[in-house]
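K.L.:
This is the structure I want to talk about, given as structure tokens.
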Amino acid sequence: MELKLTLNGKRIIEEIDADLLLIDFVRAHGCKSVKRGCDTSGCGLCTVLLDGTPVLSCSMLAARADGHDVRTLEGLQEEAADFVGFIAAQGADQCGFCNPGFVMNTIALLRENPDPTDDEIRAFLAGNLCRCSGYDGQLRGIRAYLNAKKREG
Amino acid sequence: MLTIQNYVRPETLDEAWECNQNRKNRILGGMLWMRLGRGSINTAIDLCRLGLDTIEESEEEFSIGAQVTLRQLETHTGLNRYTHGAVRAAVCDIIGVQFRNMATVGGSIWGRFGFSDVLTVFLALDTAVELHRGGIVPLAQFVTMPPDRDILVRLIVRKTPGAVVYLAMRNQRTDFPTLTCAVSDLGGAPRTVIGARPGRAMIVPGLPALPVGQWSQDAISAYAEAAAAAVPTGSNVRAGAAYRSHLCSVLTARALTQLGGINGWN
């Protein structure tokens, strides 16, 4: 079937198989930040934004993205740059494998709720697994970013 | 691994129904459970063009399209006002936000899964399902029907005055539930639903009547013990049957106590 979508601002029209998954489509188009962590819809590493909504690209047919806007971390560098330094400063990234999914879902969180409580951050990021840390570093990093933003006014 | 030969987006329910009569074809919900299975699908049927992705609220009822996501259930103001947040409580620990943005209420209910938080909470409400050919069927009846080739179009939740409380036990926050429990009071006697037994959610039969205003701690304890005795439980990787039966009485008592509080407050 013919798939038409926008990937990181670029219009793409391509002939695809019906069972092609969105993760394999975006990786074939160079978006290697999108990875398989679990392949059972549980880890959040393959998160992309579909019309701004975070979804698991390992569990979605590419065909279902037809006519939609798909964003990966490659297309959101500027928005990510705002806060990733704060997370790194807390030493939250150890192996770093979970980072792209975390960053994508944090972008979605902050767009929806620019001033979340710690519980709201934990709840929104609960579907992003990290095997190295206890999630506290990520939480401290996001909190530090929000505090810095408030100080700037 | 799942293979799919063709993908279609029917423009009408009749077209979708016709296509679904072929046993090699499947309707897609969120595709989250389906993709974990093996097999070959000839044509995957996506209902995305049928306008089933909204929750409509009238004075009498909520009409919830089959393609509404669990996240929509979680964030819908009217539905959560009516249920005192019980619908949000039922879905908010299911995997993660990204998962809930994809999983559909139609897929959850159609699957009649044993682990379903969604089925548990809607069984405690005055809920019916609309099937394209089968018409409107009470949810309690639908869960006992064998899967066929019909299409679940929407859920109808009547706004019967009352209250509902949802509780679940999970070994870890985003895991499958070890036991689910919803207790409602929609006028008359409370209705208690237990799921993840690990069998499919059921309305607990034969419980003592608890007249309004007589929910003493003793009456609640006796009711909860009766619920635990009436609900068949089993063992699996998450818990043993005896532990589940214990959870059944604890969660039922807690839910009833909360429900009594909501009723008293109102």
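The values are calculated or read from the model by the stated rules, or taken from the named source; none is laboratory data. As the structure is a prediction and not an experimental result, all values here were calculated from the model. Cβ coordinates were reconstructed from backbone atoms using ideal geometry, including for glycine residues, and neighbour counts include every protein chain displayed.
K.L.:
Just one of (1) within 14 Å of chain A (Cβ to nearest Cβ); (2) of a type outside the set (A, V, I, L, M, F, W, C); (3) in contact (Cβ under 8 Å) with a residue 24 or more places away in the chain; (4) buried (at least 24 other Cβ atoms within 10 Å of the Cβ) trips up B:R170, so point out which.
P.N.:
(4)
K.L.:
What number of residues within region A:123-153 satisfy the criterion of being modelled with pLDDT under 95 and either charged (D, E, K, R) or out of contact with any helix residue (DSSP H, G or I) (no Cβ under 9 Å at 6 or more places or on another chain) (or both)?
P.N.:
10
K.L.:
Within region A:125-153, how many residues turn out to be in a helix (DSSP H, G or I) and more than 19 Å from A:T47 (Cα to Cα)?
P.N.:
Number satisfying all stated conditions: 14.
K.L.:
Hey, can you tell me all the residues within region B:51-64 that are outside any loop (DSSP other than H, G, I, E, B) and either charged (D, E, K, R) or within 12 Å of chain A (Cβ to nearest Cβ) (or both)?
P.N.:
B:E56, B:E57, B:E61, listed by residue number.
K.L.:
For region B:98-151, give me every one of the helices (runs of 4 or more DSSP H) that falls completely inside it and has 3 or more residues that are not hydrophobic (A, V, I, L, M, F, W, C).
P.N.:
B:105-111
K.L.:
So which residues in region B:15-50 are more than 9 Å from every other protein chain (Cβ to nearest Cβ) and free of Cβ contacts under 8 Å to residues at least 24 places away in the same chain, if there are any at all?
P.N.:
B:E15, B:E18, B:N22, B:K24, B:N25, B:R26
K.L.:
Here is a follow-up. From A:A92, A:A108, which residue is buried (at least 20 other Cβ atoms within 10 Å of the Cβ), aliphatic (A, V, I, L, M) and in contact with a Lys or Arg (Cβ under 8 Å, 6 or more places away or on another chain)?
P.N.:
A:A92
K.L.:
Right, B:Q67: within 14 Å of another protein chain (Cβ to nearest Cβ) and within 19 Å of B:I136 (Cα to Cα) or not?
P.N.:
Yes.
K.L.:
Just the residues that are modelled with pLDDT under 95 and under 19 Å from B:E60 (Cα atoms), please, taken from region B:161-175.
P.N.:
The answer is B:P161, B:G162, B:A163.
K.L.:
Starting from region A:1-16, keep only residues that are farther than 21 Å from A:L73 by Cα, then list their pairs with residues that are in a loop (DSSP other than H, G, I, E, B) and of a type in the set (D, E, K, R) whose Cβ atoms are within a distance under 9 Å, requiring at least 6 positions of separation or different chains.
P.N.:
Short answer, once both residue conditions are applied: A:M1/A:D17; A:M1/A:D66; A:E2/A:D66; A:L3/A:D66.
K.L.:
How many of the residues making up region B:58-86 are more than 20 Å from B:V153 (Cβ to Cβ) and hydroxyl-bearing (S, T, Y)?
P.N.:
Total satisfying the criteria: 4.
K.L.:
Assuming B:I220 fulfils every condition listed in (1) out of contact with any Pro (no Cβ under 7 Å at 6 or more places or on another chain); (2) assigned to a loop (DSSP other than H, G, I, E, B); (3) at pLDDT below 95; (4) not polar (S, T, N, Q) apart from one, which condition is it?
P.N.:
With respect to (1) out of contact with any Pro (no Cβ under 7 Å at 6 or more places or on another chain); (2) assigned to a loop (DSSP other than H, G, I, E, B); (3) at pLDDT below 95; (4) not polar (S, T, N, Q), B:I220 is out only on (2).
K.L.:
Tell me the residue from B:R71, B:R133, B:R88, B:R112 that is within 23 Å of B:M34 (Cβ to Cβ), touching a helix residue (DSSP H, G or I) at 6+ places or on another chain (Cβ under 6 Å), surrounded by fewer than 24 Cβ atoms within 10 Å (Cβ to Cβ) and of a type in the set (K, R), please.
P.N.:
B:R71
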